[in-house]
Amino acid sequence: MIYMTGDMHGGLGIKKFLVNSFSKGRELTKNDFVIILGDFGVPWANDDYDKDLINWLNYKPWTTLFVDGNHENFNILKEMPAEKMFGGTVGKLSDSIYHLRRGEIYTIEGNTFFTFGGASSIDKADRFEGISWWPEEIPSFAETSHGLDNLVKNNWEVDYILTHTCPQRIFDLLGEEFFYKRENDPTRKFLDYVDENTRFKKWYFGHFHDEKLIEGKYRMMYDEIEELR
């Protein structure tokens with residue numbers, strides 16, 4: 001089984017995985033997956049708190065997968081050992097926590113997933129580069145090219161798309177409560193191109209700390225944990 005959820009932000013979001021919030025989690029095994037749609041936020045400082053949090057999540061019954069968001073320590077993400085898994089390359093954080101990298105296409109339980117993390121932070125002015133904010137939150141040319149190459153190889157068709165932010169066109173459909181996030185984000189513009197050219201069943205994304213279904217196939221997620229549909 002595969003479950004989707006939105007941002008975790010390190011220890012701030014673990015409450016969603018407690019038994020009273022996610023009772024179905026007790027029935028899962030390491031052959032089942034919970035996918036976090038960016039802003040995983042672990043490790044952040046590589047301290048004892050991070051290690052305890054990783055161990056806590058690692059010993060949950062399921063396997064945790066995550067795309068990166070904008071609030072990640074990208075120095076640590078880059079240092080994770082690379083492994084071949086699901087037909088692509090992942091970053092290994094622990095025996096049952098893996099980073100789904102930008103531009104990869106994975107096959108998980110018979111479904112294909114195009115994954116592409118990253119987004120622009122609106123709070124950079126309150127953060128410190130290399131300590132609490134990293135320029136790598138914005139995808140590089142190499143990452144976008146890698147993603148497009150994989151989509152071409154897959155004839156521009158996947159079952160699901162997993163990202164942190166959403167295409168610009170979808171963002172423009174959101175209500176006024178999201179206008180404060182109208183920073184110029186090149187990630188959304190790239191995802192517009194992916195959206196225009198790719199055939200897919202459903203698109204899951206986080207970032208906006210809310211729950212919405214847009215046009216029947218673009219699912220914004222935050223605290224809810226939803227079985228893949």
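The values are calculated or read from the model by the stated rules, or taken from the named source; none is laboratory data. Keep in mind it's a predicted model, so treat the numbers as computed, not measured. Here the Cβ is made from the backbone with ideal geometry for all residues, glycine too, and neighbour counts use every protein chain on show.
Below is a table of values for the structure above.
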read-out	value
Top-ranked residue in segment 3-60 [being buried (at least 20 other Cβ atoms within 10 Å of the Cβ) and among the β-branched types (Val, Ile, Thr); ranked as farthest from LEU162 (Cα to Cα)]	VAL42
Single unsatisfied condition, LEU174 versus (1) in a loop (DSSP other than H, G, I, E, B); (2) within 20 Å of TRP44 (Cα to Cα)	(2)
Pairs where the first residue, in segment 29-44, is free of Cβ contacts under 8 Å to residues at least 40 places away in the same chain and the second is among the hydroxyl-bearing types (Ser, Thr, Tyr), C-beta under 8 Å, 6+ apart	ASN31/THR63; ASP32/TYR3; ASP32/THR63
Residue check, TYR98 closer than 21 Å to ASP50 by Cβ, free of Cβ contacts under 8 Å to residues at least 60 places away in the same chain and either touching a His at 6+ places or on another chain (Cβ under 8 Å) or assigned to a strand (DSSP E or B) (or both)	yes
Selection status of ILE105, under 16 Å from GLY11 (Cα atoms), modelled with pLDDT of 95 or more, of a type outside the set (Lys, Arg) and in a strand (DSSP E or B)	no
Condition broken by LEU93, with the remaining ones in (1) buried (at least 20 other Cβ atoms within 10 Å of the Cβ); (2) part of a helix (DSSP H, G or I) satisfied	(2)
